[in-house]
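Trainee: Take this structure, written in structure tokens, and hold onto it; I'll ask about it next.
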Amino acid sequence: MPKRRRFTALVVFAVASSLVLAGCGGASTGSNGDDTVDILVLTPLSGPAATLGQTTKDAVEAAVKVVNKEGGILDRDVKVTFEDDRFDPVTAQQVLREALNSDNPPDLVLPGATSRVAVPLMPLLTQKKVLSMTNSGSPLANDPKKFPYGFGLLAPADDYEEPIIKRLSEQGVTKVGAIVSAEESGTIAADAMARQAKEYGVEIAFEKIDAEAVDATSELSRLKRDNPGALIAEGLTSPATLGVVLNSKSKLGWDVETYFGQTNAANGIEKGTEEQIRGNFVQSAAISVRGSDLQQTDDFKTFQTAVDAESATKNYPLFVSALNYSAVLALRAGAEEAGSLDSTKVAKAIESFETAEDIPGWFLTTNPGFSADRHQPVWDPEKDFAVAKLGYPGYDPTSGLFLPEGS
């Protein structure tokens, strides 16, 4: 069976699919028997991470509109429901349990905007045999043996932290300071950086900062004391938090080369002063850095146009939107390949997607590279990531792209 299906199936095929869905048991997705494909998105629409939640919402809505315009999934329109998880795992669990026990359970769940919420939801999703796609780089959420219906689109933390540590090592930097979020995303990033630092012979010290902190002078002072050759800011969930870090760094008069890491640490850099931004570095998915090869494809341009239509301002780098948008593309490709919304069949189909041609519309990475042992894309360190020296303002909130020096 070819992996790239037409989006408008034959009538006979549609009827057959409907019969299959009608006969599915209650433990699998696709069991609701209605005429739509239902996606549930748990995301913070209030609280300190509300801007991240809105970015998620805009991206999923953009993807749903594109997919429905192209014929939907198995000739069904996609319907999406958004629920505010308040960036709180307990709230998310309550909302998810109600949805899964309802008369119309979802066919796909996007469980939370970060590992903080996603990881605690995985056991319940697995118990109910519900397909899920997370933005978590945590190995706790992306374990095919433990969570066979769970997929993640963000690279594993070691993959996205290596480019920074490797570059610093090649530049002769032997001592690094890092300020990370006190949330789960910061812990995951710190653990990965520590492993990479050991691998490349770099000494690294960490300080944590809360998402609602208004000052980081004490944390940065402790890092400065060791006279590191570079500072890494990573996993800062709220755009305001980066502003706190940059302003505190300026107050200390600390002139140190600074790297803004992939997991949302670059949020809000356009609000920094020229002195705070110019000449420092960003590490990100390549699609978020202006001029990358991945931005030249028609599929990327379709995505960009769709997301622009939902939001004129990008509070987060474009790859954050791309992760959520790509989740809908993966569901469509999996269901079309399986000829069903049964979660077991769709999961097996997604595991077979190795090349970009297998997932119509794919642009996130050079190739998806899923397998039975890996429920995350394979990110090419040379093609899919970028470490770029920034000009000023460093980030364009209209396009969601970082601006390298000279661009």
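The values are calculated or read from the model by the stated rules, or taken from the named source; none is laboratory data. All values derive from a computational prediction rather than experimental measurement. Positions of Cβ are generated from backbone atoms using ideal geometry, with glycine treated the same way; all protein chains shown enter the neighbour counts. Heads up: the accessible areas ignore ligands, DNA and RNA and are worked out on the full protein's heavy atoms, side chains in. Shrake-Rupley method; radii C 1.70, N 1.55, O 1.52, S 1.80 Å.
Trainee: As I understand it, the value is the acute angle between the Cα axis of helix 184-200 and the longest principal axis of the Cα atoms of the chain; what does it come to in degrees, rounded to 10?
Mentor: Relative to the chain, helix 184-200 is tipped by roughly 60 degrees.
Trainee: Against the longest principal axis of the chain, how steep is helix 298-310, in degrees 0 to 90 to the nearest 10, with axes from Cα atoms?
Mentor: Tilt of helix 298-310: around 80 degrees.
Trainee: Nearest 500 deg cm²/dmol is fine: what mean residue ellipticity at 222 nm does the chain get from its DSSP H runs of n ≥ 4 alone, each adding -39,500 (n - 2.57), divided by its residue count?
Mentor: -12000 deg cm²/dmol
Trainee: What accessible area per residue comes out for the chain, rounded to a whole number of Å², with a 1.4 Å probe?
Mentor: 39
Trainee: At a Cα cut-off below 14 Å, give the aspartates and glutamates reachable from residue 128, other chains included and same-chain residues fewer than 8 away excluded.
Mentor: Counting by Cα, and skipping residues close in sequence, residue 128 has these aspartates and glutamates nearby: 98, 103, 107, 342.
Trainee: Next question. For helix 318-338, report the angle its Cα long axis makes with the longest principal axis of the Cα atoms of the chain; keep it between 0 and 90° and round to the nearest 10°.
Mentor: 20
Trainee: Could you work out the relative contact order of the chain, using alpha carbon pairs under 8 angstrom and six or more residues apart, expressed as a whole percent? Each step should come with its number before you reach the end.
Mentor: Values: 924 pairs, mean separation 74.4, N = 407.
It comes to 18 percent, rounded to a whole number.
Trainee: At 25 °C and 0.890 mPa s, grab the translational diffusion coefficient of region 193-276 from Stokes-Einstein with a Kirkwood Rh over Cα pairs, rounded to a whole number in µm² per second. Let's see the in-between values first.
Mentor: Values: Rh = 13.2 Å.
Approximately 186 µm²/s, per Stokes-Einstein.
Trainee: Now for a separate question. Taking residue 301 as the anchor, which lysines have their alpha carbon closer than 22 Å to its alpha carbon, excluding any fewer than eight residues away along the same chain?
Mentor: 57, 65, 69, 314, 383
Trainee: I'd like to compare 216-223, 186-193: which one has the highest average count of other Cβ atoms within 10 Å, and what's the full order after that?
Mentor: Values: 216-223: 18.1, 186-193: 24.2.
Result, highest mean Cβ count within 10 Å first: 186-193, 216-223.
Trainee: Quick one: among 119, 256, 320, which has the greatest mean-square fluctuation in a GNM of the chain with alpha-carbon springs under 10 angstrom?
Mentor: Of 119, 256, 320, the Gaussian network model singles out 256 as fluctuating most.
Trainee: Normalised by the empirical 2.2 N^0.38 Å for globular proteins, what value does the Cα Rg of region 115-156 take?
Mentor: 0.97
Trainee: How high is the FRET efficiency from residue 302 to residue 354, r the C-beta distance, R0 22 Å, rounded to 0.05?
Mentor: Plugging the Cβ-Cβ distance into 1/(1 + (r/R0)^6) gives 0.50.
Trainee: Related question: How long is the gain from residue 97 to residue 312 if the chain were fully straight, where each residue apart is worth 0.36 nm and the alpha carbon distance is subtracted?
Mentor: 74.0 nm
Trainee: Measure off, as a whole percent, the carbon and sulfur share of the 1.4 Å-probe accessible area of region 108-254, all protein chains present. Please report the intermediate quantities before stating the final value.
Mentor: Working: 2490 of 5460 Å².
About 46 percent, which is the carbon plus sulfur part of the accessible surface.
Trainee: How large is log10 of I(q)/I(0) for region 135-273 at q = 0.10, 0.21 Å⁻¹ when the intensity is taken from the Debye formula with one equal scatterer per alpha-carbon?
Mentor: -0.32, -1.26
Trainee: For the chain, just list the percent of Cα-Cα distances falling in each 20 Å bin from zero outward, please.
Mentor: 29, 56, 14, 1
Trainee: What do the square roots of 5 times the Cα gyration tensor eigenvalues come to for region 52-190, in whole Å, largest first, as semi-axes of the equivalent ellipsoid?
Mentor: Working through the eigenvalues yields semi-axes of 32, 18, 14 Å.
Trainee: Along the positive direction of the dipole of region 50-113 (beta-carbon charges: Lys, Arg +1; Asp, Glu -1; about the Cα centre), which of 67, 99, 80 reaches farthest?
Mentor: Going by the Cα projections, it comes out as 67.
Trainee: Looking at the calculated P(r) for region 275-407, what percent of the C-alpha pair distances fall above 22 Å?
Mentor: Beyond 22 Å sits 41 percent of the P(r) for region 275-407.
Trainee: Also: Which order do the peptides 295-304, 80-89, 37-46 come out in when sorted by mean C-beta neighbours inside 10 angstrom, highest first?
Mentor: Ranking the peptides 295-304, 80-89, 37-46 by packing returns 37-46, 80-89, 295-304.
Trainee: Quick one: if you take sqrt(5λ) for each eigenvalue of the C-alpha gyration tensor of region 222-332, what semi-axes come out, biggest first, whole angstrom?
Mentor: Square roots of five times the eigenvalues give 31, 13, 13 Å.
Trainee: Also: Express the carbon and sulfur contribution to the solvent-accessible surface of region 42-84 as a percent, rounded to the nearest whole number, probe 1.4 angstrom.
Mentor: The value for region 42-84 is 47 percent carbon and sulfur by accessible area.
Trainee: Whole-Hz Karplus ³J(HN,Hα) for region 64-69, in order, using 6.51 cos²θ - 1.76 cosθ + 1.60 and θ = phi - 60°, x for Gly and Pro?
Mentor: Computed from phi, the couplings for region 64-69 are 4, 5, 5, 5, 5, 5 Hz.
Trainee: Taking the simple approach of a point 7 Å from Cα along Cα-to-Cβ for both residue 140 and residue 252, what is their distance in nm?
Mentor: 2.8
Trainee: So, one more: Would you calculate the separation in nanometres between label points at residue 293 and residue 396, each defined as 7 Å from the Cα along the Cα-to-beta-carbon direction?
Mentor: Between residue 293 and residue 396, the simple spin-label model gives 2.2 nm.
Trainee: Let me ask you something else. When the accessible area of region 276-323 is split by element with a 1.4 Å probe, what percent falls to carbon and sulfur?
Mentor: On the way: 730 of 1690 Å².
Reported share for carbon and sulfur atoms: 43 percent.
Trainee: Quick one: how many lysine pairs does region 133-222 have with C-alpha atoms less than 25 Å apart and a gap of 8 or more or different chains? Give me the count, please.
Mentor: The number of close lysine pairs in region 133-222 is 6.
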